[in-house]
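Below: the structure, in structure tokens.
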Amino acid sequence: SLQVPAGLTIYWFVSNIFSLSQSLIVKAYYAANPPEIELPDYWESLDDLENMTPEEKRKAAEAGINAGPSFNDLIDEANNHLVVKRPPLRYESDAWGRVLASESTSIPSQLEEWVSKAPPSVPEPIEIPAELSSAATAAESAEVRP
């Protein structure tokens, strides 16, 4: 059977009685004197994050409340992201045209190849492998929302 020294048993009982009495006293105090909690103006709009103003979202973020997109929202956006094919902005810039037309411009030898080559083609969008999209679906179904 279990053998415990008498001093340890006394300590255990005294410690438990002290903890129990302390928690009961604190609960009784707050039941008799409930604290006044002033909720911020944006508190009511936390249930509907899409309709929050940017200022309300900023204040909620400062208070430590997550008012941004959830992980599932980010995954949905990544899965449905539209890639627009367009050349880099420097090729459409007037300043870039003046630099290329200017003969007094000295281009370092290490960068001559980069400056003189034609605009690169924009890569095709990458397809998400089935393993990753099924993992995202599993993550969505596993998330528990209150």
In the range 49-70, what residues are modelled with pLDDT under 70 and either of a type in the set (Lys, Arg) or exposed (fewer than 10 other Cβ atoms within 10 Å of the Cβ) (or both)? 50
Can you confirm whether residue 44 is in a helix (DSSP H, G or I), modelled with pLDDT under 85 and touching an Asp or Glu at 6+ places or on another chain (Cβ under 9 Å)? no
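How many residues, within the range 88-146, are more than 30 Å from residue 70 (Cβ to Cβ) and at pLDDT 60 or above? If you could, list the steps in order and put the result at the bottom.
Step one: list which residues in the range 88-146 are more than 30 Å from residue 70 (Cβ to Cβ), which gives 88-122.
Pick out the ones that are also at pLDDT 60 or above and you get 88-117.
The number of residues fulfilling the criteria is 30.
The values are calculated or read from the model by the stated rules, or taken from the named source; none is laboratory data. Since this is a predicted model, take the numbers as computed values, not measurements. Heads up, the Cβs are rebuilt from the backbone with ideal geometry, glycines too, and the neighbour counts pull from every protein chain shown.
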